[in-house]
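Single-structure report; data block below.
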Amino acid sequence: MRKLEPALFILFGTTGDLAKKKLFPALYTLFSSGWIHPDTRVLGVGRRDWSDDYFQEVVMTSVRASQPVTGSAITDFLDLFSYFKMDITRDADYDDLWRSVNQMESGLEINGNRLYFLSTAPDLFPKIAQAIGKGQPAKEGAFRRLMIEKPFGHDLASAREFNDHLRRHFEEHEIFRIDHYLGKEMLQNILVLRFANQLFEPAWQKEYIDHIQITVSEDIGIDQRGGYYDRSGALRDMVQSHILQLMALLMMNRPASFDSESIRNEKVEFLKKICLFTEQDVMSSLVLGQYVEGSEGECAYVDEKGVEENSKTETYAALRLWIDCERWQDVPVYIRTGKRMESKQAKITVVYKKQNDAPAGGDVDANMLIIRIQPREGVDLRYNIKKPGTVYDIIPVEMSFCQTCQFPGQSAEAYVKLLIDAWRGDLNLFARWDEIEATWTFIDSIQKQREKTELHTYAAGKNGPAASDSLIEQTGHEWLDI
Ligand code: BG6
């Protein structure tokens, strides 16, 4: 395996949840599978008064919680980590940081390569980006890359302002806007399924496809993230980012080639064609919901920590979308996503039009292609056959590819893949600015008139408000099982 170029990985947001749950385990996976160069170092930056030893203990605990760890690899891994205490709002502290970084680098063969990872509270992103941009220009012959966690803005105006700010200090090719869904195996598989098979693409259009359903449900609530989530809600948190990205990969035209620019060009083209919501759409094609107490003692959203007691933030959203292009004309796309639903599940169901002149006449079921993103990864194809026997009965059966069963444990965790790609400078799995711009434009069209629709409630542990059934039934469809 080719090692990743040695670099200094500087993490802002060291004490946060993402670092513990995702980044440290992902870095360990990279290390234990030989990707990490021995001269690479990880510098955790934070406000808390931690020693290097304490930081390494935190890293160890988080790695052990994520995967079995045996042998001495973990000790060698922990040796890569050190901690720098600073107040990231204070200019003077950056001078100390850069001094310390330069000192670290001088004893290592890392050629000035820097990978910065921002996962602090989003209001600190601009300050950090500016400090890096001003204080640490890219070194000749070295790379300087900035990985930024979502949210990228709160609406189009704030996203644009932040992006302009970033672009004053960084080139577009240095900016890696993270959408971790793009790192998921099955999202990458969408391109392969569509473009490495003759089977699907010719029928991937309005003549054959009746409608598409996208479900991303979660059984958890908002954990300790009330402060962030209450200002965000399901539309911003899940639809603007993950779901629209997924939809773009699913429905865009074939890219001119499969390099990152061509793929992202097609995604943008598609995203711009999603019809913006009018006042009428907000009233008829959108259902927002918020969970209330569940029967298993789950608390209501408004009783979660960090949430306003009269909060009108949606923890559930269902939408009917239309795409303004020849290929997808009159093909509705239904999306639903929510917290505290019955189960965690992400899947896409492509429902074909029914065959109305089947042998022996009669009504046959629609074909379906189900792309399972999580927790089970795989692809199921539902089609019709003749039921064995003397009577001409046509019944649906399923051809199933279960990736999780066939390749157990082999799917790369999203952050492992994203770190590898950013380290190599491959932008394919990261959102380009114009994608973000198009997705916020769409979300803004809803947000600016959202008060025209009511906020429904649903019991925690259930699959959203009843009104979402009416939404899909209005256009003659029904939600397929979660
Ligand atoms: C994050 C959202 O981007 O994605 C969270 O901010 C959500 O609210 C999470 O829980 C879902 O990710 P996954 O990988 O668990 O489906």
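The values are calculated or read from the model by the stated rules, or taken from the named source; none is laboratory data. Just so it is clear, the structure is predicted and the values come from calculations on it, not from any experiment. Counting neighbours? That spans all protein chains shown, and the Cβs are built from the backbone with ideal geometry, glycine included. Each accessible area value is taken on the protein alone, full model and side chains, heavy atoms only, with ligands, DNA and RNA left out. Shrake-Rupley method; radii C 1.70, N 1.55, O 1.52, S 1.80 Å.
Could you please let me know if G135 is farther than 11 Å from L8 by Cβ, exposed (fewer than 15 other Cβ atoms within 10 Å of the Cβ) and either touching a residue at least 12 places away in the same chain (Cβ under 8 Å) or touching a Leu at 6+ places or on another chain (Cβ under 7 Å) (or both)? Working first, answer last.
Values: farther than 11 Å from L8 by Cβ: yes; exposed (fewer than 15 other Cβ atoms within 10 Å of the Cβ): yes; either touching a residue at least 12 places away in the same chain (Cβ under 8 Å) or touching a Leu at 6+ places or on another chain (Cβ under 7 Å) (or both): yes.
Against the criterion (farther than 11 Å from L8 by Cβ, exposed (fewer than 15 other Cβ atoms within 10 Å of the Cβ) and either touching a residue at least 12 places away in the same chain (Cβ under 8 Å) or touching a Leu at 6+ places or on another chain (Cβ under 7 Å) (or both)), G135 qualifies.
Being within 17 Å of E298 (Cα to Cα) and more than 8 Å from the ligand (Cβ to nearest atom) is the filter; apply it to the stretch 213-222 and report the residue that is surrounded by the fewest Cβ atoms within 10 Å (Cβ to Cβ). Among those residues, the one meeting the criterion is D219. Of all residue pairs spaced 6 or more apart or on separate chains, none has beta-carbon atoms under 9 Å together with a first member in the stretch 172-188 that is within 17 Å of I243 (Cβ to Cβ) and free of Cβ contacts under 8 Å to residues at least 60 places away in the same chain and a second member that is assigned to a strand (DSSP E or B) and not β-branched (V, I, T). Check the stretch 464-472 and report whether any residue there is under 21 Å from the mean Cα position of the chain (by Cα) and among the hydroxyl-bearing types (S, T, Y). No. Here is a check on your reading of the model: is K184 open to solvent by 10 Å² or more (accessible area, probe 1.4 Å), touching an Asp or Glu at 6+ places or on another chain (Cβ under 6 Å) and either within 16 Å of the ligand (Cβ to nearest atom) or on the phi < 0 side of the Ramachandran plot (or both)? So K184 does not fit the description; no. Does F258 qualify as being more than 13 Å from the ligand (Cβ to nearest atom), assigned to a loop (DSSP other than H, G, I, E, B) and within 19 Å of K417 (Cβ to Cβ)? Yes: the conditions hold for F258.
Taking the condition more than 16 Å from F117 (Cα to Cα), buried (at least 16 other Cβ atoms within 10 Å of the Cβ) and touching a His at 6+ places or on another chain (Cβ under 9 Å), does L78 pass? No. With the requirement that a residue be more than 16 Å from the ligand (Cβ to nearest atom) and at pLDDT 95 or above, what does the stretch 121-141 give you? Matches in the stretch 121-141: L124, P126, K127, I128, A129, Q130, A131, I132. Just one of the listed residues (R2, R114, R48) is surrounded by 13 or more Cβ atoms within 10 Å (Cβ to Cβ) and on the phi < 0 side of the Ramachandran plot, and it is R114. Listed by first and then second residue, the pairs with beta-carbon distance under 8 Å, at least 6 apart or on different chains, first residue in the stretch 86-115 and under 21 Å from W50 (Cα atoms), second of a type in the set (K, R), are M86/R47; D87/R47; I88/R47; I88/K127; T89/K127; M104/R41. Of E308, E314, all but one fail to be open to solvent by less than 40 Å² (accessible area, probe 1.4 Å), of a type outside the set (A, V, I, L, M, F, W, C), part of a loop (DSSP other than H, G, I, E, B) and within 23 Å of Y228 (Cα to Cα); the exception is E314.
List the helices (runs of 4 or more DSSP H) that sit entirely inside the stretch 1-94 and contain at least 1 residues that are in contact with a strand residue (DSSP E or B) (Cβ under 9 Å, 6 or more places away or on another chain) and of a type outside the set (S, T, N, Q).
It comes to 24-32, 52-66.
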